[in-house]
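**Student:** Before I ask anything, let me first share the structure, which is written out below as structure tokens.
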Amino acid sequence: MNIDWAALGSVFGVSLVVTVALVGLFTLGIVGLSKRESAARDGGSAAALTSGAYVCFALCAAAVAYGIYLIVA
């Protein structure tokens with residue numbers, strides 16, 4: 001049995017980067033939703049935070065859907 005260590009390392013690196021990016025994007029969405037009440041109270045734009053959070057969640061959903069597509073196809 002011969003293991004292609006370069007391919008294994010490549011898969012590990014890409015999966016690590018994508019996982020960290022996806023978790024970071026989801027975290028930005030959560031932070032955006034949690035800050036909208038304080039922004040509205042302080043006179044800021046709560047609509048911008050809400051729409052930004054929804055964009056982050058949509059990008060997370062798109063990344064997960066693309067991953068499932070890659071697995072199934």
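**Student:** Can you name the residue in the range 44-73 that is β-branched (Val, Ile, Thr) and open to solvent by 40 Å² or more (accessible area, probe 1.4 Å) and is also farthest from the chain's Cα centre (by Cα) among such residues?
**Tutor:** Step by step, filter the range 44-73, then rank; the result is Val72.
**Student:** Here's another thing I want to ask about it. Tell me, yes or no, whether the range 23-43 has at least one residue that is among the basic types (Lys, Arg) and surrounded by 11 or more Cβ atoms within 10 Å (Cβ to Cβ).
**Tutor:** yes
**Student:** Going by what's in this entry, would Phe12 be described as part of a helix (DSSP H, G or I), surrounded by 12 or more Cβ atoms within 10 Å (Cβ to Cβ), modelled with pLDDT of 95 or more and not basic (Lys, Arg)?
**Tutor:** So Phe12 does not fit the description; no.
**Student:** Just the residues that are assigned to a helix (DSSP H, G or I), among the hydrophobic types (A, V, I, L, M, F, W, C) and farther than 22 Å from Val20 by Cβ, please, taken from the range 35-73.
**Tutor:** If the condition is that a residue be assigned to a helix (DSSP H, G or I), among the hydrophobic types (A, V, I, L, M, F, W, C) and farther than 22 Å from Val20 by Cβ, then Ala39, Ala40, Ala46, Ala47, Ala48, Leu49, Val72 are the ones that fit.
**Student:** What's the total number of residues in the range 1-28 that are closer than 17 Å to Val64 by Cα and among the aromatic types (Phe, Trp, Tyr)?
**Tutor:** 1
**Student:** I'd like the residue in the range 25-68 that is in contact with a helix residue (DSSP H, G or I) (Cβ under 6 Å, 6 or more places away or on another chain) and aromatic (Phe, Trp, Tyr) and, out of all such residues, is nearest to Val11 (Cα to Cα).
**Tutor:** Phe26
The values are calculated or read from the model by the stated rules, or taken from the named source; none is laboratory data. Predicted model, so just to flag it, every value in this text is computed and none were measured. So basically every Cβ, Gly included, is an ideal-geometry build from the backbone, and we count neighbours across all protein chains shown. Only protein heavy atoms, including side chains, enter the accessible area calculation; ligands, DNA and RNA are left aside. Shrake-Rupley method; radii C 1.70, N 1.55, O 1.52, S 1.80 Å.
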